[in-house]
Amino acid sequence: MALREPHREGRDAKGDRANRELDFAPSDFGPFRVESLPTGIVILWFDDPERKVNLLDSRSLDMLQRALGAIKVRSTDPRALILASGKDGQFIAGADVTEFDTVETPAEAESKVKYAQELFQEFADLPYPTVAAIDGPCLGGGTELALAFRHRVASSSRNTSIGLPEVKLGILPGFGGSQRLPRLIGFTQAVSMIVSGRSVDSHRARKMGLVDDVLPRERFVPRVIEWTEGLLTRPRPSKRGGPPAHHRAFESLAPLRSYVLSQARKTVLKQTGGHYPAPLEILRVLGATYGTRLPEGLKVERKAVAKLLFTPESVNLRHIFIMSEDAKRSPAASAALPVDSVAVLGAGTMGGEIAYLFTRAGIRVRLRDIKPEPILGSLARARSLFDREVSKRRLTRAEMDLAMARIEPVLELNGLGRTDLVLEAVVEDLTVKQGLLRDVESQVPDTCVLATNTSSLSVRAMGRALRRPGRLAGMHFFNPAARMPLVEVIRTEATDPAARDTVLALARRIKKTPILVRDSPGFLVNRVLMPYLSEAVGLVERGVEITAIDAELRRFGMPMGPLELLDEIGLDVARKVAHVLREAFGARVGSTGLLDRLVAAGSLGKKSGLGFYRYEQGARRGVNPTLVTPSSQKSGSSGGKNAPLVPPAEIRDRLLDAMVNEGAMALDDRVVERAEDVDLAMVMGTGFPPFRGGLLRYADDAGIGAIVERLARRQQEGAPSGPCGKLQRMALGNERFYR
Ligand code: NAI
């Protein structure tokens, strides 16, 4: 069957309009298209019309199989086969993660993985040169497919990145990646790349030997064709990068590999506290399959994937991944207004980094403070953040200079006549903020959106200062703003859709994950976190050892213990939030007595050198000696006379139950609409362990009934409050937050 392929503007490889012969109608291969060049080279295009990015799922793998079949049954073999994406700057983003959940048993998983492995092996077995033309993200299954090609050529675009991030979903590369990568780039480099899940840019990929060459992004596919022609006329390509021969010889020694594996294992255990099975399993697979025949290795690989896919850690990590992908799209920000120019008021801790985030996204920033020092500090901070990006080759120095030039530092509140959005990040004082917003409103155009970064004040109350309160929304960043991925977008009853959507869209544009939150005390994250922190402070007041509390919560998987976290946040800041919440919700938020006393004594946490711990030049030096009482519980002691005041499991339950209780109440109060919102916010805003799937997912696993029972018992023992109505109803009805 030979059909004419309709010319596609800008797609055809050579740019001429010569007739191209196809062997099947394009629709036969779904997202794939087979193009035969007159020169005998065949291009396999991947362009899924239904998606923004190309993904590998059951359907596309079937289509890939058909396309390959069509190429194989031709009367003459192609001279070479090139795999290219029809999407501009988008190669293959990986597998469709949502499909993983439809697999019901490890046996089914294994057979699906085997199908892909065998398909990729067919590409690897083709008797002529095969070249993957990589322009844009090439991740997971995409990288594995490219690895099954004999050659890989990457574009020099900054968007091009190649990686195997499966470990971040609690699995390992299952379509041959764990086997082909070490064979290509050597054992040590492959271990590091697969265990970390980190991607590399094209230059690094060339150096590692992961790609054969890097070509300019302009006319990329035509260049890859020329490159392939060169390969055909000069079959021995110029030397690839990758580890030198002596390095490979060294890696063939078993003791050396054992050493590499044991070092990697130590790093993994240190970074994950042993909570994540996937990186350990990856090390086992890589160690066990080194030097085996490929089919044997593939068998071990697919068995490992099938096993890991059903671990709770992988299920939970995928749940978080799917939620965060969802937050990039929904809620839709259809009423968003364009933003080219913003004003950031207040160049302190938050304002400086926020200005950096805006200019980095190409937005002009007027950065205003009433004093020059914070502005200078903010500019220096932005410069140092850009410097890091330049050193990682994410940005050129010229681009950095342009971005810095987009920030206009000012001391006066003027020149706002063409501003699209004003974000205030001045001191946390309602009267100051109201006065400022009133002045701002008199200067900005009608369409200008106003936003506040307040962490504890009522957005509604702030809006009372405005003629048009509907233009105000909260845009609550977390500290440090450059690094923390979450932004709470706060709407009041008055906030109009344009203001809400403009802030949502802006948060996404600067690559943050926005969560839409109703204006209410503490919004979502601080409200849910505070009872947990207060419980910890309460235990210290009762004489429980500080390090015992922190150690227990770290063991649970928190990135730091609650008292370490309080020291980082600043006890003055935390106290303020605690008071706001106490005023709103009463005693259940916990006593602020100890925080009050510490703040009054000038112990503000890390920044002042003393909080729950003592610090010298920012480094921790033991606990605050004034908080050690003779009755302080010794960590790790158990049983007999030295029995801990509060057993470790109870420490953990007390803190987490308090957080679950508040999360359920926030949901009941419709601060957010869905359990998913609470979970994503707590993972992204506080580092709640992703492998637990989020706070409410953890509650489901721990058992709502058990949590309710414990909360009720503590209330009987004198705690100011017990399980909330929602939790009680759920326990009675045997319900869960997730089906
Ligand atoms: P900061 O004290 O570091 O900075 C505030 C800056 O605002 C100071 O440089 C001050 O000179 C300036 N300022 C005061 N009045 C001003 C005015 N009328 N016009 C322009 N600048 C003025 O405070 P930080 O920590 O940056 O906090 C700012 C806001 O962000 C507060 O509302 C705070 O609640 C909120 N926030 C703070 C977080 C944190 O962890 N620091 C986290 C999230 C929100």
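The values are calculated or read from the model by the stated rules, or taken from the named source; none is laboratory data. If you're wondering where the values come from, they're calculated on a predicted model, not measured in any experiment. Glycine also receives a Cβ, built like all others from the backbone with ideal geometry; neighbour counts cover every protein chain displayed. Surface areas here come from the heavy atoms of the whole protein model, side chains and all, with no ligands, DNA or RNA. Shrake-Rupley method; radii C 1.70, N 1.55, O 1.52, S 1.80 Å.
For segment 48-129, state which GluC sites (Glu not before Pro) are in a DSSP loop and have at most 14 other beta carbons lying within 10 Å of their beta carbon.
Values: sites: GLU50, GLU99, GLU104, GLU108, GLU110, GLU118, GLU122; in loops: GLU50, GLU104.
Here the sparse-neighbourhood loop sites are GLU50, GLU104.
The calculated 222 nm mean residue ellipticity attributable to helices in the chain amounts to -14500 deg cm²/dmol, summing -39500 (n - 2.57) over DSSP H runs of n ≥ 4 and dividing by all residues.
Diagonalising the gyration tensor over the Cα atoms of segment 675-715 and scaling each eigenvalue by 5 before taking the square root yields semi-axes of 22, 10, 8 Å, largest first. Give me the aspartates and glutamates in straight-line cross-link reach of LYS576: C-alpha distance below 16 Å, same-chain residues under 8 apart excluded. List returned: GLU428, ASP429, ASP567, GLU568, ASP596. Against the main long axis of the alpha-carbon atoms of the chain, helix 571-585 sits at an angle near 70°.
Return the tail of the calculated pair distribution for the chain, meaning the percent of Cα-Cα pairs more than 51 Å apart.
Working: 56536 of 272691 pairs.
The answer is 21 percent, as a whole percent.
Only Lys, Arg, Asp and Glu carry charge here, each on its Cβ (+1 for the first two, -1 for the last two); on that basis the chain has a dipole of about 1640 debye about its Cα centre. Per the 1.4 Å probe, what fraction of the accessible area of the chain, in percent, lies on carbon and sulfur atoms? Roughly 53 percent, rounded to a whole number. The H on the amide N of THR513, modeled in the peptide plane, is under 5 Å from the matching H of LEU486, VAL487, each at least 5 residues off or on a different chain. I'd like the orientation of helix 497-509 relative to the chain: the angle between its Cα long axis and the longest Cα principal axis, in ° from 0 to 90, rounded to 10. Value to nearest ten degrees: 60. Restriction of the GluC sites (Glu not before Pro) in segment 391-455 to DSSP coil positions whose beta-carbon has at most 10 other beta-carbons within 10 angstrom yields GLU412.
Loop-resident trypsin sites (Lys or Arg not before Pro) (DSSP state other than H, G, I, E or B) in segment 670-709 with no more than 15 further Cβ atoms inside 10 Å of their Cβ: ARG670, ARG674.
In the chain, a dipole from Cβ-located charges (positive for Lys and Arg, negative for Asp and Glu) runs towards its positive end, and of ALA712, LEU298, VAL646 it is LEU298 whose Cα lies farthest in that direction. Here LYS207 is the anchor, and the aspartates and glutamates within straight C-alpha reach of less than 20 Å, apart from those fewer than 8 places off in the same chain, are ASP135, GLU144, GLU251, GLU389. The residues of the chain expose on average 43 square angstrom of accessible surface per residue, using a 1.4 Å probe on protein heavy atoms.
Within a straight-line Cα-Cα reach of under 18 Å, LYS299 can be paired with the following lysines, leaving aside sequence neighbours fewer than 8 residues apart in one chain: LYS112, LYS114, LYS307.
Relative to the longest principal axis of the Cα atoms of the chain, helix 349-360 runs at roughly 20 degrees. Rolled with a 1.4 Å probe across the full set of protein chains, the surface gives LYS371 an accessible area near 110 Å².
Given N residues in segment 337-470, what is Rg(Cα) / (2.2 N^0.38 Å)? Intermediate results must be reported in sequence, preceding the final value.
Numbers: Rg = 15.0 Å, N = 134, 2.2 N^0.38 = 14.1 Å.
Dividing the Cα Rg of segment 337-470 by 2.2 N^0.38 Å gives 1.06.
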